[in-house]
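Colleague: Shown below is the structure under consideration.
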Amino acid sequence: AIASIIILITIIWNRRLQQEVILKASTELKLLNEELAFQNQEKDKRAAELTLAASVFIHALEGVVITDAATKVIDVNHSFTKITGYSHEEAIGKIPRLFQAELYSPEFYAAMWDKINTIGQWVGEIMGRRKNGEEYVASITISAVKDAVGEISHYVALFSDATEQREHQSQLEKMAHFDTLTKLPNRALLADRLNQTILQCQRHAKSLAVIFMDLDGFKDVNDTYGHAVGDELLIVVSQRMSFALRGVDTLARIGGDEFVAVLVGLTKAEDYEPVLERFLQAASEPIIVGDDTLKISASIGVTLYPQDNADADQLVRHADQAMYVAKESGKNRYHLFDTAHDNAVKAQRESLTAIRRALDNRQFVLYYQPKVNMKTGTIIGVEALIRWQHPKRGLLNPIAFLPVIEDHEMMTEMGEWVID
């Protein structure tokens, strides 16, 4: 019986060991299967990622160039071929133009590569050249790729053809700064150049002249022959006037038949006079448009800086005022803006404004001087003497303000105030 019990226990114990071994083997097998499944999933995932990356590389709209550390091409995509005209076979093993110092200065490329190798990336625009020799604008990003130990192993360049975009931008800039008919600078570009020229004159102690021109008889041409003929006339006149200028000077059309020229770097005031004579001649010479011979002239006003120490807008207005004097004086001539007269007119205007303010603010006072009968010593009346109690200049006598309002309506108003 004891032997039977021992045998039974032994059998049970062996079965339990077998079960544990089987269970352990089963667990290990399960873990192995799971690991194999995970590895397969990772392989599939990696394969999917590689497939996706390859698809993106092949079908990307941007050109892609991959090079080794020596900037020799390892691979390019279809867009590279489409943009540059070079085939895959022609590019492999070569150093692409965008990596070579051919189109730009060595300093430009040195700065570019310094940024790539230190920061890891450079973004900008480069002029490229297609296989057929045609130049194009490449909007490009060049990145450095490092290996596990931090050394640069590859370079990747992504670029797109920005030629049309830049041409469109250039056209918009021309529309914003140039007259569409004559191709001359417009009012906006004139203002910018005039401001820059004023700064240069201040630095180098030079003078400049602002010339305002209006064509005499242009309205009659438009009314008689039509606007198409008038436009042709403006083109011819603008070309003639441009030839009369130096390369550093500016001629602008600011509207209609009005032109403004800026003469720079004048060493003496009289330097502008020969140009004005050429302008008058350019405008007055007969102009043939089709079968019609047109005859016009120009009225010109001019002001000089820094004698006329005004800002850009005011200089143009002063030249415009001088032009009207020339037109009223008989046309086909020029007139120099009278700075002294303008200062006097400005002072007169400021004085009238100040007197108007003084009347409104009750700043005038009366002092009464007795009138005495010298025989009897009797006071028979008083003389009212007007004074201006100026808030800053103190008490002012009539000589300081009455001549200013002579023949002005304020003289009557002041007289009525005195009587009241």
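The values are calculated or read from the model by the stated rules, or taken from the named source; none is laboratory data. All values reported here derive from a predicted model rather than from experimental measurement. Here the Cβ is made from the backbone with ideal geometry for all residues, glycine too, and neighbour counts use every protein chain on show. Surface areas here come from the heavy atoms of the whole protein model, side chains and all, with no ligands, DNA or RNA. Shrake-Rupley method; radii C 1.70, N 1.55, O 1.52, S 1.80 Å.
Colleague: A157 versus (1) among the small types (G, A, S); (2) at pLDDT 85 or above; (3) assigned to a helix (DSSP H, G or I): which is the lone unmet condition?
Modeller: (3)
Colleague: Of all residues in segment 204-218, count the ones that are in a loop (DSSP other than H, G, I, E, B) and either touching a Phe, Trp or Tyr at 6+ places or on another chain (Cβ under 8 Å) or basic (K, R) (or both).
Modeller: Counting residues in segment 204-218 that are in a loop (DSSP other than H, G, I, E, B) and either touching a Phe, Trp or Tyr at 6+ places or on another chain (Cβ under 8 Å) or basic (K, R) (or both) gives 1.
Colleague: Let me ask you something else. Looking at V229, V221 in this structure, which one is part of a helix (DSSP H, G or I), among the hydrophobic types (A, V, I, L, M, F, W, C) and surrounded by fewer than 20 Cβ atoms within 10 Å (Cβ to Cβ)?
Modeller: Details: V221 fails: surrounded by fewer than 20 Cβ atoms within 10 Å (Cβ to Cβ).
None of the others qualify; the one that does is V229.
Colleague: Let me ask you something else. So, in segment 268-309, exactly how many residues are small (G, A, S) and in a helix (DSSP H, G or I)?
Modeller: 4
Colleague: Sticking with this one: Scan the helices (runs of 4 or more DSSP H) fully inside segment 69-152 and keep the ones with 1 or more residues being among the hydroxyl-bearing types (S, T, Y).
Modeller: Answer list for segment 69-152: 78-84, 106-118.
Colleague: Yes or no: I405 of a type in the set (V, I, T) and out of contact with any helix residue (DSSP H, G or I) (no Cβ under 9 Å at 6 or more places or on another chain)?
Modeller: No.
Colleague: Looking at the structure I just gave you, is G230 without any contact (Cβ under 8 Å) to a residue 40 or more places away in the chain, touching a helix residue (DSSP H, G or I) at 6+ places or on another chain (Cβ under 8 Å) and among the small types (G, A, S)?
Modeller: Taking the combined requirement at face value, the residue satisfies it.
Colleague: Right, another one. Pull out all pairs, ordered by first then second residue, where Cβ-Cβ is under 6 Å, the residues are six or more apart or on different chains, the first lies in segment 242-257 and is aliphatic (A, V, I, L, M), and the second is open to solvent by less than 20 Å² (accessible area, probe 1.4 Å) and part of a strand (DSSP E or B).
Modeller: So the pair list comes out as L245/L251; L251/A261; A252/P185; A252/V260; I254/V260.
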